[in-house]
Amino acid sequence: MSEARRLLARTRILTLTGAGGLGKTRLALRIAAEVRRSFPKGAWVADLAPLNDGAFLAQTVLTALGLDHDSARPALPVLSDHLADKRLLLVLDNCEHLLDSCAELTRSLLAAAPHLQVLATSRQALGVDGEHLLPVRPLPAPDPHSPPAAALAQYEAVRLFMDRAAAVVPGFTVSDDQGADVAGICHRLDGIPLAIELAAARLRVLSPRQILERLDDRFALLSRGSSAAPARQRTLRAAIDGSFELCTPSERRLWARLSVFCGGFDLEAAEEVCTGDGLSRGEILDVVTGLVDKSILIREDHGDQVRLRMLETIRQYGRSLLDDGTGSEEREFAQRRHRDHYQRLAARAESEWLSPRQLAWFARLRMEHANIRAALEFCLSTPGEAGNALQLVTSLWSHRIGAGGLEEVRHWLDRALAQAPEPSPVRAKALWIDGWLAHLCGDTAAGKARLAECQNLAEALGDAESLAHAVRFAGLAALFRDDCPRAVPLLEDALERHRALHDLADQWQTLFLLSLACCLSDDPRATELGEECLALCTAHDARWSRSYALWALGLQR
């Protein structure tokens, strides 16, 4: 409200944009009521939703202004003459399906009436010169791991749910044991007001927990609204159907394919995953722009990078398009392309581990955490894809799968190892990674077993790289047991193996561990090894690794 009033003080045309169900109409009506006294001739609302033909747009606005028009003159000149000397606010509500006509009308009226201001609502900008946009965002919703019930009311989404719930179940309040369920409902519905209101209406026959459990099929659950509401607001699907109908065939196809992403994506990812079968790489930018314009995609700034995302409800609608279009073939096409993109991304992150991009990769993979999870889940739930899961999860060993916890990494490793038992270099790699993580988690028995299996497999395959890792982490395991006399020779052996393989990133880690083991055993080589580790990090501007080298040297002083 405050931002809208501020913008209306500096522009003659303000458009509230956003997806269906976000409350653009309600907000516009509230703004009009608040500012009405600033306009000597008042604020007038023209609801364009029932209008299907732009030829009758001017006549509809005349009717909204309370004017009869039965002369032979066209409606637009009559409307322009009426508004010419008046200072008023004209609200054009629901412009998206008549976008060109609304834009033409607005240009004409603003030119003819110098004191006129227009407030429009639309899922897409009108494209009129001087137009200011105010995106209408979802209501703030709590994390599903919610605070106590008393703190939930600070979230606007929860307040809306409670208000509508009290209307259908008199006296309804959120008890302590229902707080997490109500928070989960509001969070999973993205804070979309229409969706929250429809969910609250189901309290007539369902508890909050039952509603939450049924949100996997939200379009079926949220299918009964007020009979007094416009048809487009009676069900959640109807609200989003309106956006779908505005899209071109290419935009509809891209909307469906983009639904395989979780938690956002960048343009590069969209181009790599969605190109093909009717969409060329060169088209993607223009089609993405169209989906942003129509409020299907939300633009977010992350430093000097732009990412895009869908509200989860919009994404679920896209998934239904993917499933209902050409069936599993189209869905698997998109999911495999998604998997391939994140495999390539993970491989690049691993190859640039000891480099100036070390910290940038941590940040990027953290943003891609949900997508990496989705790619792994696809691999592990699709026959014949477990080997790809091993490839993906092992490429991310040094980044902990986008800052996921150790237990999560082990979860994916254990599932992938169980489903891909065939001897292979990537299985050997997974074994030493899991062995190392098991020791970090204090599970020494599992760690020893994994490292021993890795060593046996690596020897059988002649896999020198995995064998070097197995030896290194056997040394680390000895270090954890405070057995430096055993740790030092194992780490020395591993360092020589890594030097022979010319793998600088592995040399760095082994130098760090060896310098630490020497420090703890009062070996005079500790400082020399630490300085070599530091020099390697400095030469490659690997600042995260450099902090570890400095820490090890600090312990020695």
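Structure above, values below:
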| read-out | value |
| --- | --- |
| Count - residues of the stretch 289-320 that are in a helix (DSSP H, G or I) and surrounded by 22 or more Cβ atoms within 10 Å (Cβ to Cβ) | 5 |
| Condition broken by E329, with the remaining ones in (1) open to solvent by less than 60 Å² (accessible area, probe 1.4 Å); (2) free of Cβ contacts under 8 Å to residues at least 40 places away in the same chain satisfied | (1) |
| Neighbours by Cβ (under 8 Å, 6+ apart or cross-chain): first from the stretch 175-192, part of a helix (DSSP H, G or I) and open to solvent by less than 30 Å² (accessible area, probe 1.4 Å); second hydroxyl-bearing (S, T, Y) and modelled with pLDDT under 85 | G179/S146; V182/S146; A183/S146; G184/S146 |
| Selected residue [touching a helix residue (DSSP H, G or I) at 6+ places or on another chain (Cβ under 8 Å) and more than 20 Å from A19 (Cβ to Cβ)] from L109, L160, L134, L126 | L109 |
| D53 within 43 Å of the chain's Cα centre (by Cα), surrounded by 20 or more Cβ atoms within 10 Å (Cβ to Cβ) and either under 20 Å from A125 (Cα atoms) or among the hydroxyl-bearing types (S, T, Y) (or both) | no |
| From T11, T17, T25, residue being within 26 Å of the chain's Cα centre (by Cα) and touching a residue at least 12 places away in the same chain (Cβ under 8 Å) | T17 |
| Pick from the stretch 358-387, criterion aliphatic (A, V, I, L, M) and crowded, with 22+ Cβ neighbours inside 10 Å, ranking: farthest from V426 (Cα to Cα) | L365 |
| Hits in the stretch 9-30 - residues which are in a helix (DSSP H, G or I) and surrounded by fewer than 24 Cβ atoms within 10 Å (Cβ to Cβ) | T25, R26, L27, L29, R30 |
| Residue pairs meeting the criteria (Cβ under 6 Å; at least 6 apart or on separate chains; first closer than 18 Å to D523 by Cα and without any contact (Cβ under 8 Å) to a residue 12 or more places away in the chain, in the stretch 483-499; second surrounded by 15 or more Cβ atoms within 10 Å (Cβ to Cβ) and of a type in the set (A, V, I, L, M, F, W, C)) | R486/A478 |
| Contacts under 6 angstrom Cβ, first residue in the stretch 394-408 being over 17 Å from V426 (Cα atoms), partner at pLDDT 65 or above and acidic (D, E), 6 or more apart | G402/E368 |
| Residue check, A445 closer than 20 Å to L413 by Cβ, open to solvent by 30 Å² or more (accessible area, probe 1.4 Å) and at pLDDT 90 or above | yes |
| Every residue from the stretch 511-557 that is outside any helix (DSSP H, G or I), open to solvent by 10 Å² or more (accessible area, probe 1.4 Å) and within 20 Å of E352 (Cα to Cα) | H540, D541 |
| Helices (runs of 4 or more DSSP H) wholly inside the stretch 73-172 containing at least 3 residues that are within 32 Å of the chain's Cα centre (by Cα) and of a type in the set (A, V, I, L, M, F, W, C) | 149-152, 156-168 |
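The values are calculated or read from the model by the stated rules, or taken from the named source; none is laboratory data. Everything quoted here is computed from the prediction, not taken from an experiment. Using ideal geometry, Cβ is built from the backbone for each residue, glycine included, and neighbour counts are taken over all protein chains shown. For accessibility, only protein heavy atoms count, side chains too; no ligands or nucleic acids. Shrake-Rupley method; radii C 1.70, N 1.55, O 1.52, S 1.80 Å.
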